[in-house]
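I have placed the structure first, in the form of structure tokens, so that the comments after it can refer back to it.
No value in this document is a laboratory result; all are computed from the given coordinates. This structure is a prediction, so every number in the text was calculated from the model and none was measured. Neighbour counts are summed over all protein chains in view; Cβ atoms, including those assigned to glycine, are modelled from backbone coordinates with ideal geometry.
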């Protein structure tokens, strides 16, 4: 399953990726706007790798522009897995998983 959680990421700039397998992994930690294209591409690559392994992946990002969502939509379609887009509070209510 792939969750897109609409919230500010822990860095406030780039997306965070969490893996639901008993441990939590943060994917991105960008601090400069000029790094964003690389950081987004790296995050998408990391998410794709984890989805191929059958992990449930949680991406935390404001997702204010369509281009931020589309790669994950295409991944979910390609792997035929459910894609769920929720605001942070609804995600935490439904899953009991706390994210920073």
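Label sites at residue 67 and residue 97, each approximated as a point 7 angstrom past Cα along Cα to Cβ, lie 2.8 nm apart. Once both labels are modelled 7 Å past Cα along the beta-carbon direction, what's the residue 81-residue 1 spacing in nm? Going by the 7 Å Cα→Cβ label model, 1.2 nm. For residue 88 and residue 52, the difference between the fully extended length at 0.36 nm per residue and the C-alpha to C-alpha distance is 10.5 nm. Counting neighbouring Cβ atoms within 10 Å and putting the fewest first, the residues 66, 4, 83 line up as 66, 83, 4.
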